[in-house]
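Undergrad: Pasting a structure here, questions to come.
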Amino acid sequence: MDIAALRFTWVPFAGLDAGTLYDVLRFRQDIFIVEQASAYPDLDGLDPDCQHLLVTAPDGSLAAYLRARGPRAGHPGFIGRIVVGAPWRGTGLGRRLVAAGLDFMAQHYSGVPLRIGAQQHLEKFYAGFGFVTVGAPYNDGGIPHVTMWLGGGPADFQG
C-alpha cells in the first residue's frame with residue numbers, strides 16, 4: 001500500500017454530503033463496534049461541531065479518518081475517532097493521520113491543551129507525540145482506555 005497516493009481532506013460536518021457521511025459512519029462502525037466487538041454509542045452528538053479528516057485511497061474508499069474540535073465552554077480541544085482501515089495498518093498511516101490532526105489543531109487552536117481518550121494498548125503510540133497519561137485506566141465499551149493530554153492537563157485547561 002502506497003500512503004503517498006492517499007488524499008487527506010478536511011471537511012466541516014456541514015460539508016459532508018449524505019453519501020460521505022454514511023461512508024464515515026459505516027467505516028467507524030465496522031472498526032470500532034464490529035471489529036473490536038465494542039457496543040458503545042459512536043453517535044455521541046459531537047460530530048456536528050467537528051472538522052473531519054477523510055483519508056481516501058485512489059479508488060475513493062476511506063483508508064483512515066479522525067475528527068477534531070477546538071475547545072468549547074467547559075471542554076478542552078480534542079482529536080478523536082482516530083481509525084485506520086485494516087488494509088492500511090502497519091504502513092505508517094496512523095502516524096501521518098495523528099500528525100495531520102495535531103497540525104490542524106496547532107494551526108487553528110495554537111497553545112490550547114488537547115485531551116484524548118486513547119485505547120490503553122495505544123498509550124505508547126500517543127506518548128510518541130507528547131501525550132501524557134493522566135489518571136487511571138477506565139472501561140469504554142469493554143475496551144480499556146486512558147485519558148491523555150498534550151500541552152497541559154486538567155489543571156491547565158481554562159474552558
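Undergrad: Out of 81, 115, 28, report the one residue that is part of a helix (DSSP H, G or I), closer than 23 Å to residue 139 by Cα and touching a residue at least 24 places away in the same chain (Cβ under 8 Å).
TA: Details: 81 fails: part of a helix (DSSP H, G or I); 115 fails: part of a helix (DSSP H, G or I).
Every option except 28 fails the conditions.
Undergrad: Continuing with the same structure: Pick from the range 13-56 the residues that are at pLDDT 85 or above and among the hydroxyl-bearing types (Ser, Thr, Tyr): which of them is nearest to residue 85 (Cα to Cα)?
TA: Among residues in the range 13-56 that are at pLDDT 85 or above and among the hydroxyl-bearing types (Ser, Thr, Tyr), the one nearest to residue 85 (Cα to Cα) is 56.
Undergrad: Kindly check whether there is at least one residue in the range 54-64 that is acidic (Asp, Glu) and in contact with a strand residue (DSSP E or B) (Cβ under 7 Å, 6 or more places away or on another chain). Full working, then the answer.
TA: Here is the first cut: in the range 54-64, the residues acidic (Asp, Glu) are 59.
After this cut, where a residue has to be in contact with a strand residue (DSSP E or B) (Cβ under 7 Å, 6 or more places away or on another chain) as well, the list is none.
Scanning the range 54-64 turns up no residue that is acidic (Asp, Glu) and in contact with a strand residue (DSSP E or B) (Cβ under 7 Å, 6 or more places away or on another chain).
Undergrad: Follow-up. All but one of (1) of a type outside the set (Phe, Trp, Tyr); (2) over 19 Å from residue 119 (Cβ atoms); (3) out of contact with any Phe, Trp or Tyr (no Cβ under 6 Å at 6 or more places or on another chain); (4) in contact (Cβ under 8 Å) with a residue 12 or more places away in the chain hold for residue 4, so report the exception by its number.
TA: Going through the list (1) of a type outside the set (Phe, Trp, Tyr); (2) over 19 Å from residue 119 (Cβ atoms); (3) out of contact with any Phe, Trp or Tyr (no Cβ under 6 Å at 6 or more places or on another chain); (4) in contact (Cβ under 8 Å) with a residue 12 or more places away in the chain, residue 4 breaks only (4).
Undergrad: Of the residues 81, 67, 96, which single one is under 20 Å from residue 18 (Cβ atoms), charged (D, E, K, R) and modelled with pLDDT of 95 or more?
TA: 67
Undergrad: Sticking with this one: Cβ contacts < 8 Å: first residue within 18 Å of residue 10 (Cβ to Cβ), restricted to the range 84-108; second residue among the small types (Gly, Ala, Ser) and part of a helix (DSSP H, G or I), any location; separation 6+ or different chain. Result?
TA: As it stands, the answer is 84/94, since those pairs meet every condition given.
Undergrad: When only residues in the range 109-131 that are exposed (fewer than 14 other Cβ atoms within 10 Å of the Cβ) and touching a Gly at 6+ places or on another chain (Cβ under 9 Å) count, which is modelled with the lowest pLDDT?
TA: That would be 111.
The values are calculated or read from the model by the stated rules, or taken from the named source; none is laboratory data. Computed from a predicted structure; not experimentally measured. Note that we place each Cβ from the backbone using ideal geometry, even for glycine, and neighbour counts take in every protein chain shown.
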